[in-house]
Each structure stands twice: as structure tokens, then as C-alpha cells.
1. Quick one: P(r) of segment 215-293 from all Cα-Cα pairs, 10 Å bins, percents rounded to integers, in order of increasing distance.
2. Using a cut-off of 15 Å between beta-carbons, work out the net charge of the residues near R195 (Lys and Arg +1, Asp and Glu -1, R195 not included).
3. If R₀ is 51 angstrom, what is the calculated FRET efficiency for the pair H336 and K151, using the beta carbon separation as r and rounding to 0.05?
4. Segment 175-265: percent of C-alpha pairs farther apart than 19 Å?
5. Put one equal scatterer on each alpha carbon of segment 235-379, apply the Debye formula with no solvent term, and list log10 I(q)/I(0) at q = 0.17, 0.19 1/Å to two decimals.
6. When a footprinting reagent is the concern and you count Cβ atoms within 10 Å, what order do M314, M134 take, fewest first?
7. Output the pairs from K293/K368; K254/K293; K78/K114; K153/K222 with a Cα-Cα distance over 18 Å in this structure; if there are none, say none.
8. Which whole number of Å³ per residue matches the convex hull of the alpha-carbon atoms in segment 51-198?
Amino acid sequence: MSESNSLSLAGGEILVVDDTIESLRLLADILRGEGYRVRPTDSPRLALESALNNPPELILLDVKMPVMDGFELCRRLKQDERTSDIPVIFVSALQEIRDRVRGFQVGGVDFISKPIQREEVLARVSVQLELLRMRQHLEERSRALSEANQKLKELDKLKSMFIATMSHELRTPLNSIISFTGILLQEIVGEVNDRQRDSLERVQRAGRHLLSLITDIIDISKIEAGRMEVYAEDFPLQELVDEALASIILEAQKKEIALVTEAASWPVLHTDRRRLLQCLLNFLSNAVKYSEKGPITVLISHGDEQVEITVRDMGIGISEEDMPKLFEAFERFDSHLRVTAGGTGLGLYLTKKIATDLLQGKIVAESKLNEGSTFHLIIPRSIVPANTQEEE
Ligand code: ADP
């Protein structure tokens, strides 16, 4: 017995429908001889009932039958979801191409010609059963894969939520450390000598670094867990750019770097203001950190649908080999400014997530070593917050 026959025995049956008793018997004998389980019937009406009540694996249908011919029976089988996927092979004496085409149109998969020949019957049946097995196997695999995928997604969400919760717990004591160090440094509770001041300043710097790391991690985890809420509101872009420039102006002045804005016109946006400010601040603070000369330029251009906010610096630039890693987490490139610049290596990773997942836009970066870098943020002027980000 061949492998497919034994597989068939393990599975369902073959329903054979033919109103001519001799043909029916012949087909049943050939198939049984190979070990298939056969359910023969000479009545199309009973065959339909039997197939619907107890779906077989494969159906062999005589084309020419009174009352209901094979094509009509096949059409009805294909209409019911219990039987629509069962392969149907027609058994037909008609050689005309017209009938074959009609057979395929009503959902048949193959033809066996009359007079019936044993080899042809067995070959066509085994091919269809083999195809069926392969299809079932593929369906099972794809079901298992999508289940595994779903589980992974849930685990990933859980991981991100865990990190967000843990980080939140860390933030409260850290804020105390930073603010009480500040109180000591301001000498509110008593004088501090130079050595104490130096130590306290180190504590404060380390605390601030840790706080910004934790804040970034909370944001990243929330976005990855789909828990970051997006609020769209109307606001003038010029106001937001001014606010961002105001927060870096002191650092820029320390390095004698001029800040310039260029815009033919300033649009009003309808998007998440806080998140957009976060992106712009990251570009600008990087531009100041990684530059020794200016100017730093913010360029605004927009169409009806989109706005492009560009931050260009004349800083140290990024090498060609580092560029592909620019938006990866914890990537910080070697340079003489690396130590003084400070940073976590999460800024651009987070900014890209905000730009794509929350603001529905994209970031494009260009840079040349020792010449400077340009970051473009291209976003819709107006968004309807996509509720992929679920409410907590
Ligand atoms: P960081 O906290 O280190 O600034 P980012 O994710 O913002 O982290 O940036 C990653 C790295 O990309 C930086 O450490 C720096 O090496 C490089 N980089 C980012 N912006 C600039 C820039 N404007 N000019 C030169 N290098 C930059």
C-alpha cells in the first residue's frame, strides 16, 4: 500500500456518486483494492445529504445523472461551508472541452474519463489527496505560526509594561535625590566646602543622567506596548519652534553658536504638540552637543498635507559607516565630544519611534564627517490619533 493510501485510511472517506451501478461498483472496487475507504451512492440527492452530514475527504462525481447532474451537485456542495473545501473529481464520458471548462467553473479540480481505467483513477485520486494533505499541513503550520506570533506579541507588551512600571517606581526616589542634592548645594541647610560641593555636583549629574535614561525608557516602553496616548491639538508651529530654541539658547551661547530660523510661512498644525516638541528638542540639543561652531538652522517648509521641520548643524558630523546605526538604541559614536556631550544613546531611537508611531511621519538624516548633520522630520500637518495606542 502506498503512503498516500495509508494516509487516506487514517483520514476520511471518498464519496463516489454515479447513477450507473456498474460504474459505481467498478470505481468502488478499484479504490477499495488500494485500501481507500469508499462511500458509494447512486443518488445525487442522497449524496448531497450524506456529504453535508458527514463530509468526506474527496468526492468523485459522475457528470451525467438524471434529476441533478454532477455539475449541479458540485455547485451545491461548493455553496455550503461544510463541503466547500472538499476536492471534487468529475467522472465523465464527454470529451468536449466545453464540459471540462464548465466542470472547473463550478469548482471541480480534475476529470477522470470513461471508460474507467484503474491506473488513471488511482493516479488522479492520489494526486488530489496528496495536495489535500499538503494544504492541511500548510494550514496547520500557518495557524501554529500565527498563534506563536500572537503569544510573542503579548509577551513583548508585557515586557514593555513591566519596564514602564518598574521605571516609574525608580523615578520617585531619584527625584528626591536630585532635589535634596540641590537643596544642599544651595546651602539652604548649611555651608558646604569645596570638596563637598564637588561630590554633591557629581551626585546631581549622575542623578540627572539616570533620570533622563529612565524617562526615555518609560516612553519607549509605552510606545512599544501600545500604551502611549496621542493628543492632537491646534497650535502655531512658530510658537513651538521658539519654545524649543529658548530651551537650548544658553547652551548654544556658551559655545557661541548662532541659532537661525528660516520659513517662507508658518503653518498651524493639528498634532501632538508635546511629542513634536520632544523630537525637535532632541534634534536641537544634539546639534548643540555635537557642534563646535554654528550656525544651527531650523528650516520650515510645508504643503497642504505635510510639514517638514529640518535642523541643520555645522558640527562634527557622522561617518558613513556609523550612519546605518544612527537610530539604534544605545548607539553613541566615538568623537572628541563624546565625554563632554553626555547622553544615553536613546534620544534618536525614541525620536524615531515618536515620529513614526505617534506623529505618523518619518525622519530622514544626512551627515558628513567634519562638515555637519541635517535631520528632517516630515509629518502630516493634521492627524487623527490612530487608536493603535490603547488607553491605559
Ligand atoms: P545621545 O544621547 O548620545 O545624544 P542620540 O540617540 O540622540 O543619543 O544620538 C546617538 C548618537 O548619534 C550620538 O551619541 C552621536 O554620536 C550621534 N549624533 C546624533 N546627533 C548628532 C549630530 N547632530 N551631529 C553629530 N553626531 C550626532
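1. Pair shares across the bins are 16, 40, 32, 12, 0.
2. So the environment of R195 carries a net charge of -3.
3. The value I calculate is 0.60.
4. Percent of Cα pairs beyond 19 Å in segment 175-265: 68.
5. After summing over all Cα pairs, the log10 values are -0.94, -1.18.
6. M134, M314
7. K78/K114
8. 210
The numbers here are math on the coordinates, done by the rules we state, and not lab data. What you are looking at is a predicted structure, and each value in this text was computed from that prediction instead of being measured. Positions of Cβ are backbone-derived with ideal geometry, glycine not excepted, and every protein chain shown enters the neighbour counts.
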